[in-house]
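Input: a single structure, listed below in structure tokens.
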């Protein structure tokens, strides 16, 4: 089954290629924000997809996005542990120790139950808001903001101007912000 651009749904282990295409960029951004050496981010992304590939064909995952980002959080946690283990025998400067402590603190903050619940609720509001957009605006928003396509490429795909793409994006962002309580509409 092909993964539809969007927000979840079930998948089989054979869908790893489609999932990799959908989530590669967001995962790279996720890892680059959280690790010191950004060149390691690509390795962590590959590990996430490798873990998906190791799932048996009979395993079903109901929420692809949640599964992928949970796997990413686990990879990040394992990466941090490996780094700490490597450094435990090496000399550490005070700056290294402070940076490690900050990384650990950020990781702990990310997985507090209240924060997870709030994030899930906010994600559901966003999903509902995106679903409430008209078809073209929704597709343009997904392509630009979630898939990372350039405005000119989206304009070419829909045979519209880049200005029209920007108007669709502004409409989508305003709609979503209003649903989140930012009242930009």
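Worth pointing out:
- Total residues in segment 4-52, condition part of a loop (DSSP other than H, G, I, E, B), in contact with a helix residue (DSSP H, G or I) (Cβ under 8 Å, 6 or more places away or on another chain) and either farther than 16 Å from residue 146 by Cβ or modelled with pLDDT of 80 or more (or both): 5
- Where residue 1 falls short, out of the listed (1) over 21 Å from residue 145 (Cβ atoms); (2) modelled with pLDDT of 80 or more; (3) loosely packed, with under 14 Cβ neighbours inside 10 Å: (2)
- Scanning segment 112-127 finds no residues that are at pLDDT 65 or above, farther than 30 Å from residue 177 by Cβ and either surrounded by 14 or more Cβ atoms within 10 Å (Cβ to Cβ) or in the same structural domain as residue 167 (by TED's automatic domain parsing) (or both).
- Of the residues making up segment 53-81, those that are at pLDDT below 75 and under 18 Å from the mean Cα position of the chain (by Cα) number 2.
- Yes/no for residue 183 being at pLDDT below 90 and either outside the structural domain of residue 27 (by TED's automatic domain parsing) or in contact with a helix residue (DSSP H, G or I) (Cβ under 6 Å, 6 or more places away or on another chain) (or both): yes
- Conditions (1) within 21 Å of the chain's Cα centre (by Cα); (2) within 22 Å of residue 25 (Cα to Cα); (3) surrounded by fewer than 15 Cβ atoms within 10 Å (Cβ to Cβ); number of the one not met by residue 151: (3)
The values are calculated or read from the model by the stated rules, or taken from the named source; none is laboratory data. What you see is a predicted model, and the numbers here were worked out from it, not measured in a lab. All Cβ positions, even for glycine, are placed from backbone atoms using ideal geometry, and neighbour counts span all protein chains on display.
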